[in-house]
Ligand code: HEM
């Protein structure tokens, strides 16, 4: 015998509309969603290669894990969910609607007796007035009812039927929301891309040079992209990031950025980002002015314009270039602009300076308001601080300070090797002293190492630069050495002349070595020429000589600049030590020139995000249905009551069969059943009812 | 006979309200109108809407759950008293007697913390000694803790304006503040079920979760000094925050509650503490109710979040880690509800599931902030 075969489409329908399948899909969807939160999405592909290595990069790339939520297989899961829910509605909704309308007034006595919640009231004199009392009771309890039956009277009553609408509302909401999401997803684009109608642009070229195959027309139904506009500039395209490249979306209007503003709180944290823009329609040439800020987009012709980011739009900068290894004490002036490059030479080699970024504000936790912070406060101190909210409210804010402008640039040598620099314009307080700092790093993923240049009594860098120039000027060494020797060995000391000459000679040597390679040269010299046992002492001596002679160098440099000699005190000595460290560190600075920022003319740029998302309305409509549906499902409880009134028959008294059901078996239902049983018993003037319930909740 | 029938008539909701209900409503309405008269000039349309919707929902809440009619006016009165002690000077928080020891936001929050810990101990003592009296006292302590927490938040709201008119904002903007909100909401949800089911034993299970939140709060205060009021970053300056965040925390609170009931369920089904705790049917029921209310509010919160995102980031759904984890939480409980309601599943599996659900929820709430980066700017640890 041939087993009856289920047709294939029927089997698919059964599977899709089954709840087990739906639950499985929900689970798969949840797990798939996790991937995208663990692996950073939409990063430049280069980052993934570094992180994963070429093999796994390829594997992940094939699986579409860099943009999971737009990967084909992910969209397929969503589509299955839509289908599954859709079929489920198709299958269930008619049943639900029938349930909603029906009183089930054709229930038979046999079926009622099979109910888990039922009771019998007896003896009863069945009469029209009993039926009337019962129906009055039911409507008093908020039930609607139907009275029927031929042999005996059946009152079928129900309340909360709209619960069934909840199912339809929530489940169609899911379908509607998903469709809305798919409309706004990039499915049409993906299709066009896979058919070869569109190609991702990966070159870094001006938007005008992007060919038509990588452009989308203004009629495009749905997009989300961004553009960065400098102050005074304008844009009529945006860029959509796709995989490792982008597409250009032409806009039906032009956006001109008049001004970008950042406002700050008193503490220096940013308070608002705002762009004053002018939108000019391409078709009508009409203009509209407005301000976009975070949380306050402008919507124009169905395109929403958001404040997304900001940056430098080409600020003009003036700099002083200090040659770190030459005897020149004067800087040469330079002019530059962010995102532009200029040439630079130290006399021997040519370099290019590429200015990367400029920031007028730098809010930092300078840790100044609480000098005692080094000592960890005790428990009680801590407690009382936490308790007195007022003091607490401000103490941490006080430490935040604006430390002034900074800029970032790359110096590229003739071979194309580049290092990145980060300079602050104003001296920073570090460990109670002030320095101009300049950070350097060899690669973008490193942190900056900072060169600290000590400032002089005028808070300027000139004092240090003059000292540095003097130290790299060999013609000054005899004079420095003479002064040092004279100071170290006063004229009248024994053995005078010859010893002093020897001391001066070795001073010159120390200075020469230091100016050739910093402390490292000195250390190497000591290692090579001093017996091991005495190296430590020798190093100490040499350091002392160096320090003292550099102090003399400082005095020489001041004299040459026509300044009075510096007082020899702890502050000056500290300055000398800091200068020694700075010169030493210059050998590792990687650039021949320190570019000190002297002035700027800030031009900001504003990053705007533009979206057109027609699916949004569907999503919102679906959301409203979803919320409605969920509340309807949870809080409108469907309950049905049947009262079968049986006149007395052969040898048995009249009785009323009371049965109750609900599609949600909860304690509330149990309670209500008992209440009705109790009420009806009283209403019918009986002592007790016979409870025929077969089970409790666990059924 | 008519009389008997009349006795069984379920009174309509409004007829069932007594003078206290109406007086409560009148006070709330008058209060919000007064606030509107004072500050309406500084509000935009949405904020006016939120003011009156809030008043309306609190009236509804009070009518629905009667103890609220006492709690909310008491909290309002004490907060106003606290605020009146400032004389517009923040420094008085550490000097004026009432502020220093009770009603400055920080003191009130410390009181809340202490009271929650006491209530936890109390409920366990009550459970161990089978003493209904001790449990009743613990419930009282829980009420006071919730009241102090609410006062703390309200006064903190005022304090933020004392720092600077532009700094002032509703205290729902960072992890510290939402942890307070979490503790309060979880406690109130629990108190509601305690009353509804006439059962005080479950406090021993629910309060520990609140105490854990309090422990985190204290660590956050003492170790990280996170209790300082910070100005809002631009992305958070939105009226959406006022509705999105509380809705979310009704969800989180209810899910935590359900998980703790799940723990009780698992113990009872193994026979542990079975004689002291409610029957499995009751535990099943509370668990379902909590997950249902949590799910409903979490749905609202997620949708509100999407609407906010549409306004702040330019897209209602960006698959940001926080959003995505909210979806995962939501899908998880949707599956839970299907299993219970459609498949009729009951018992330990659902209890385990509710407990695991809490882990997922905690990850969405805390883990995402700690381990994943994204657009949600508040609350990095
Ligand atoms: C994204 C997919 C889905 C979501 C988020 C979802 C959500 C929900 C929610 C929240 C409920 C409410 C629970 C309650 O009754 O209180 C529910 C109930 C229900 N769902 Fe789904 N659902 C989905 C898909 C499906 C599918 C595909 C089916 C088809 C088998 C299904 C069948 C049902 C049924 C039969 C109920 C109970 C209705 C009732 O008895 O009143 N669901 N669903």
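No lab work stands behind these numbers, since they all come straight from the coordinates. All figures in this text were calculated on a predicted structure; none of them were measured in a lab. Neighbour counts are summed over all protein chains in view; Cβ atoms, including those assigned to glycine, are modelled from backbone coordinates with ideal geometry.
Data overview
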item: Alpha carbon Rg of the stretch A:251-360, scaled by the compact-globule rule 2.2 N^0.38 Å; result: 1.58
item: Helix axis angle, A:389-398 relative to chain A longest principal axis, alpha carbon, degrees; result: 50
item: Relative contact order (%) - criterion: Cα under 8 Å, at least six apart; region: chain A; result: 22
item: Value of relative contact order over the stretch A:186-292, rounded to a whole percent, pairs C-alpha under 8 Å and six or more apart; result: 19
item: GNM flexibility winner over chain B from B:169, B:265, B:87 (Cα, springs under 10 Å); result: B:87
item: 0 to 90° range, to nearest 10: angle between helix A:477-488 axis and chain A longest Cα axis; result: 90
item: Chain A: angle of helix A:667-683 to the longest principal axis, Cα-based, in degrees nearest 10; result: 30
item: Residue exposure sequence - B:166, A:473 - by fewest surrounding Cβ within 10 Å; result: B:166, A:473
item: GNM top mover of B:208, B:234, B:73 - chain B, alpha-carbon springs below 10 Å; result: B:234
item: Sequence of A:117, A:171, A:401 once ranked by neighbouring C-beta atoms within 10 Å, starting from the fewest; result: A:401, A:171, A:117
item: Contact order normalised by residue count of chain B, Cα under 8 Å, 6+ apart, percent; result: 13
item: Computed over chain A, the ratio Rg/Rh where both radii use C-alpha atoms and Rh is Kirkwood; result: 1.22
item: Max mean-square fluctuation residue, GNM over chain B, Cα-Cα springs under 10 Å, options B:290, B:354, B:279; result: B:279
item: Spatial separation of Cα centroids for the stretch A:643-699 and the stretch A:248-327, in angstrom; result: 73
